[in-house]
Amino acid sequence: MQLTTARLSIDRLRAEDADDLFACRADPAVARYQGWRPARVEEARAFIDAQAEPAPGLWFQRAIRLRASGALIGDLGVCLPATPGESVEFGISLAPAHQGRGYAREALQALFHQGFDALGWRRIHASVDPRNASCMALLQSLGMRQEAHFRESLWLHGEWVDDVVFAILVREWKAEANAS
Ligand SMILES: CC(C)(COP(=O)(O)OP(=O)(O)OC[C@H]1O[C@@H](n2cnc3c(N)ncnc32)[C@H](O)[C@@H]1OP(=O)(O)O)[C@@H](O)C(=O)NCCC(=O)NCCS
């Protein structure tokens, strides 16, 4: 999967991205609500090496780059469902210097467009810690609905944390697109 937007190019992670991926994902502001927190650049290298072709039931990760410079500013993870028609899950991270500029929204709008309009996806969801205010706002801005709030359901980095699920169906995406 490759996506191009007005400002971004979203494509495969390359071996030479390891330093930038590590710098982004090891930043405490980015790592706070994430399961994967690389402690050393070697972990980012191994993560990139382990990337496989998109396949049912597995996560794959893409680099988010600025088209103007080619710089890696974040990453987008997608998990295709094991059974066709079930929900596609995503996760997104941006380096702090590139937050607050609409890049995450732009990347996800492109993902929704490709998934719903070209690839036949039926439903997309994301899971977020409710303390993660910028991510909650991002998901709402995409027209996603909050479907569930699981209290203290995940053990993450030494504490039980809540998990909120947001989702959108293809018909909801198309209705919103037609209304705007
Ligand atoms: C979640 C995360 C990707 C959201 O990033 P973000 O930069 O807040 O989201 P966007 O790129 O959509 O930017 C939206 C903000 O940019 C502003 N903005 C500026 N220019 C904009 C433009 N051209 N278009 C849209 N929004 C724009 C918006 O007003 C909004 O600001 P606000 O939050 O003050 O209202 C980011 O906070 C992050 O990487 N967090 C750490 C990793 C993480 O926790 N990920 C979640 C796990 S799924």
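Does residue 89 count as of a type in the set (D, E, K, R), farther than 15 Å from residue 9 by Cβ and surrounded by 12 or more Cβ atoms within 10 Å (Cβ to Cβ)?
yes
For region 14-35, which positions are part of a loop (DSSP other than H, G, I, E, B) and within 16 Å of the ligand (Cβ to nearest atom)?
27, 32, 33, 34, 35
Which one of these does residue 9 not meet: (1) farther than 15 Å from residue 98 by Cα; (2) assigned to a strand (DSSP E or B); (3) away from the ligand (no atom under 15 Å from the Cβ)?
With (1) farther than 15 Å from residue 98 by Cα; (2) assigned to a strand (DSSP E or B); (3) away from the ligand (no atom under 15 Å from the Cβ) applied to residue 9, the lone miss is (1).
In region 25-35, which residues are touching a residue at least 24 places away in the same chain (Cβ under 8 Å) and over 14 Å from the mean Cα position of the chain (by Cα)?
If the condition is that a residue be touching a residue at least 24 places away in the same chain (Cβ under 8 Å) and over 14 Å from the mean Cα position of the chain (by Cα), then 27, 29, 32 are the ones that fit.
Can you name every one of the strands (runs of 3 or more DSSP E) wholly within region 61-180 that holds 3 or more residues which are at pLDDT 95 or above and within 13 Å of the ligand (Cβ to nearest atom)?
Here the list reads 72-79, 88-94, 123-128, 159-169.
Please tell me if residue 3 is in contact with a Ser or Thr (Cβ under 8 Å, 6 or more places away or on another chain) and hydrophobic (A, V, I, L, M, F, W, C).
Taking the combined requirement at face value, the residue satisfies it.
Looking at 81, 56, can you tell me which residue is of a type outside the set (Lys, Arg), touching a Ser or Thr at 6+ places or on another chain (Cβ under 7 Å) and closer than 21 Å to residue 122 by Cα?
Result: 81 is the single residue among 81, 56 that is of a type outside the set (Lys, Arg), touching a Ser or Thr at 6+ places or on another chain (Cβ under 7 Å) and closer than 21 Å to residue 122 by Cα.
The values are calculated or read from the model by the stated rules, or taken from the named source; none is laboratory data. Note that the structure is a prediction, hence the values are computed from the model and not measured. Backbone-built Cβ (ideal geometry, glycine too); neighbour counts: all protein chains shown.
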